[in-house]
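The values are calculated or read from the model by the stated rules, or taken from the named source; none is laboratory data. Just so we're clear, the structure is a prediction, and the values are computed from it rather than from any experiment. No Cβ is skipped: glycine too gets one built from the backbone with ideal geometry, and neighbour counts run over all protein chains shown. With ligands, DNA and RNA removed, areas are computed over all heavy atoms of the protein, side chains included. Shrake-Rupley method; radii C 1.70, N 1.55, O 1.52, S 1.80 Å.
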Amino acid sequence: MVTQSDGAYERLRARILALDLAPGERVSERGLESDLGASRTPVRAALSRLQSEGLVRRDERGWTIAPLDLAELRHAEEFREAVETAALRLAVERAGDAELDRLDVLLDRQPDDPEGGVRWGEEFHTELGALSGNPFLADAIRTTMTTLSRTRWLEVTTPESRAAQLAAHRGIVAALRARDAGLAIARAVEHARTGAAHAEALLRGDRARGLRVVGR
């Protein structure tokens with residue numbers, strides 16, 4: 001059963017990821033109560049969850065949608081690449097065929113919308129980390145994918161981009177089945193760098209106008 005707090009969180013998160021609420025924009029609890037059709041307590045709970053994900057910030061004046069810092073995002077991408085590379089090396093050695101079959105099932109369930117695509121991609125990459133058999137690597141990947149969630153939304157805004165995402169994910173799984181660590185890593189790195197470059201280009205261009213994007 002979806003609670004009022006869960007509903008407020010999901011709707012608010014979707015608006016932040018879609019940049020409907022712009023980076024740097026100030027929001028009030030009272031205004032969000034009206035916009036989301038929720039009472040004060042669920043709205044506060046939703047904001048607290050989003051604060052833990054780094055999507056909103058709180059100060060003495062209230063709440064602000066977290067700015068997009070390109071330097072911070074590049075650092076997160078570098079960290080993701082390092083951690084995912086380590087996880088894939090171990091996954092080639094440790095993941096069984098049944099675990100790879102479960103990844104194929106996940107790939108067959110790709111949602112056909114940007115918000116669903118972000119969550120689906122996060123689940124896929126977290127599962128890749130879990131195949132390493134090392135929970136620290138899986139947790140690190142999950143946390144980093146959350147940090148990158150807004151730029152990842154930009155990566156999956158069109159059906160064509162979601163199809164490219166699916167093809168890249170299937171290529172990584174195929175390399176794991178072949179027990180080819182080098183190929184799996186190369187495909188994962190290409191996938192991450194291509195998506196990051198596309199998102200950054202959008203942020204630097206027309207989509208960045210009026211948004212608070214720092215660290216250019």
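Tabulated data for the structure shown
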| read-out | value |
| --- | --- |
| Whole-angstrom gap from the stretch 101-138 to the stretch 171-186, using each part's C-alpha centre | 16 |
| Solvent-accessible area per residue for the stretch 8-75 (1.4 angstrom probe, square angstrom) | 49 |
| Efficiency of FRET between S39 and A18 - r from beta-carbon atoms, R0 22 angstrom, step 0.05 | 0.35 |
| At R0 = 45 Å, FRET efficiency that the Cβ-Cβ distance of T3 and A186 yields, to 0.05 | 0.55 |
| Rough spin-label spacing in nm, given labels placed 7 Å along Cα→Cβ, for R89 and R177 | 2.6 |
| Angle in degrees between helix 70-94 and the longest Cα principal axis of the chain, rounded to the nearest 10 | 30 |
| Accessible-area composition of the chain, carbon plus sulfur, in percent [1.4 Å probe] | 51 |
| Residue-level accessible surface for D139, protein heavy atoms, 1.4 Å, Å² | 80 |
